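Report on the structure given below.
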There are 2 protein chains.
Amino acid sequence: MKRCRISNNVIRRLPRYLRHLDDLQARGIERISSSTLGDQLGLTPSQIRQDFSCFGEFGQQGYGYHVSALREQIAAILGIDRGHEAILVGVGNMGKALLCNFDFANWGFRLVSAFDVNPQRIGEDYNGVPVRNAEDLESFLQQHPVEAAVLTVPREAALSTAQRLSQCGVTAIWNFTNVELPACGETIVENMHFSDSLLALSYFVANRNNEEE
Amino acid sequence: MKRCRISNNVIRRLPRYLRHLDDLQARGIERISSSTLGDQLGLTPSQIRQDFSCFGEFGQQGYGYHVSALREQIAAILGIDRGHEAILVGVGNMGKALLCNFDFANWGFRLVSAFDVNPQRIGEDYNGVPVRNAEDLESFLQQHPVEAAVLTVPREAALSTAQRLSQCGVTAIWNFTNVELPACGETIVENMHFSDSLLALSYFVANRNNEEE
């Protein structure tokens with residue numbers, strides 16, 4: 001596949017494109033022009049063409065984009081077909097919410113185990129994911145190395161847990177702890193920013209009120 | 001304040017600007033040029049100038065942006081100073097995770113009550129937010145009208161709860177249910193998309209591996 005360096009901003013738009021293409025497919029729409037797609041997503045047609053041109057040519061002049069082909073390409077670029085294996089550390093409220101309600105498999109991740117320090121949680125099972133003793137993190141990862149971890153421990157355990165994961169070869173952390181983890185070797189940290197979404201809501205509410213004033 | 005119609009894409013970037021300016025402030029940085037800011041955020045200087053010009057003139061030629069002034073302006077545009085009141089409906093894992101760990105006040109929201117159907121949860125209190133019987137939603141909102149609700153009920157209750165909220169005058173919903181809520185009158189729905197963040201992580205992992213191959 002033709003590739004160029006993709007900017008962080010394009011990467012952040014790809015999941016939105018993917019979700020939108022899923023919606024279009026679900027509604028039976030087979031092709032779409034860059035201008036219609038732009039209208040629907042609040043982007044200019046030229047920005048969309050530029051984003052997609054960065055990883056190959058999908059569109060055809062006068063035809064637009066083939067929805068399912070574009071969807072598959074974006075999914076592949078995002079690595080959904082890679083079969084990432086991951087663990088989850090911290091089976092508190094946030095951890096349980098993810099274990100019970102988030103469809104990791106749909107996004108190309110397979111959770112192989114969860115870990116917690118609480119004896120009452122150890123031995124539990126959520127959708128087929130067993131909760132193991134956090135003391136056994138190192139020995140487990142030695143036997144079953146994984147690349148990614150979902151970090152849902154309490155704030156105060158965030159840093160030490162991230163360090164342990166890093167030492168065990170986990171090089172990608174999905175961080176829900178609201179603690180800024182320092183750059184650590186080759187570890188990639190993706191922070192889950194709930195606030196970005198709430199602030200967008202705040203903006204829409206504030207501006208509706210402005211218009212009414 | 002000078003205003004123009006702000007595109008959805010700019011709105012989505014504002015929270016990221018805000019977080020980044022908070023980081024800069026915490027590091028004692030008082031001013032920054034659009035090119036440095038662009039480098040740090042993966043945006044072009046002209047895009048940054050264009051984004052900010054949309055809601056007024058902050059920067060000065062040759063000086064750059066004053067970090068704290070820009071931060072306050074963006075916070076105001078996002079409506080953080082509006083004092084939104086909100087309720088939370090559904091005190092399951094996700095609801096508890098938010099009640100216990102998410103700092104609503106920091107983002108301009110005040111939670112006045114939570115609601116649940118489970119008798120064991122009713123009467124509990126999380127950081128000063130009481131859990132009331134979901135049956136009393138309508139009577140509570142009649143006495144204490146609020147604009148916004150955090151929706152953390154199970155999937156199967158998402159639609160009916162959203163409708164009840166809408167009928168009670170709640171016109172902004174922060175939706176964690178993974179259920180697409182239909183456009184309903186003037187209600188604004190902001191969906192929390194965990195997947196966008198996980199897919200960005202997937203991309204970074206997949207592309208690191210590409211480089212290594």
Hits in region B:82-135 (condition: open to solvent by 40 Å² or more (accessible area, probe 1.4 Å), closer than 22 Å to A:ARG208 by Cβ, assigned to a strand (DSSP E or B) and without any contact (Cβ under 8 Å) to a residue 40 or more places away in the chain):
B:ARG110
Got a number for residues in region A:136-147 being within 23 Å of the chain's Cα centre (by Cα) and open to solvent by 50 Å² or more (accessible area, probe 1.4 Å)?
3
Go over the candidates A:LEU24, A:LEU37, A:LEU18, A:LEU41 one by one and state the one that is closer than 19 Å to B:ASN8 by Cβ, under 19 Å from the mean Cα position of the chain (by Cα) and of a type in the set (A, V, I, L, M, F, W, C).
A:LEU18
Any chance B:ALA183 is among the small types (Gly, Ala, Ser) and within 13 Å of chain A (Cβ to nearest Cβ)
no
Does region A:152-167 contain at least one residue that is at pLDDT 90 or above, touching a Phe, Trp or Tyr at 6+ places or on another chain (Cβ under 7 Å) and either within 21 Å of A:ILE11 (Cβ to Cβ) or within 8 Å of chain B (Cβ to nearest Cβ) (or both)?
no
Output the number of residues of region A:136-146 satisfying the condition of being within 14 Å of another protein chain (Cβ to nearest Cβ) and either assigned to a helix (DSSP H, G or I) or in contact with a His (Cβ under 6 Å, 6 or more places away or on another chain) (or both).
0
Do we find that B:ARG164 is over 28 Å from A:THR152 (Cα atoms) and either in a loop (DSSP other than H, G, I, E, B) or among the basic types (Lys, Arg) (or both) in this structure?
yes
Is it fair to say A:PRO154 is touching a helix residue (DSSP H, G or I) at 6+ places or on another chain (Cβ under 9 Å), surrounded by fewer than 22 Cβ atoms within 10 Å (Cβ to Cβ) and in contact (Cβ under 8 Å) with a residue 60 or more places away in the chain?
yes
Among the residues of region A:117-132, is there at least one that is over 27 Å from B:ASN175 (Cβ atoms), at the interface with chain B (Cβ under 9 Å from one of its Cβ atoms) and out of contact with any Leu (no Cβ under 8 Å at 6 or more places or on another chain)?
no
Within region A:3-44, which residues are at positive phi and either at pLDDT below 90 or facing another protein chain (nearest Cβ under 9 Å) (or both)?
A:GLY42
Please determine whether any residue of region A:170-189 is modelled with pLDDT of 90 or more, aromatic (Phe, Trp, Tyr) and over 15 Å from the mean Cα position of the chain (by Cα).
no
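The values are calculated or read from the model by the stated rules, or taken from the named source; none is laboratory data. What you are looking at is a predicted structure, and each value in this text was computed from that prediction instead of being measured. Neighbour counts run over all protein chains shown; Cβ positions are idealised from the backbone, glycine included. To get the accessible areas, we keep the full protein, side chains included, count just its heavy atoms, and leave off ligands, DNA and RNA. Shrake-Rupley method; radii C 1.70, N 1.55, O 1.52, S 1.80 Å.
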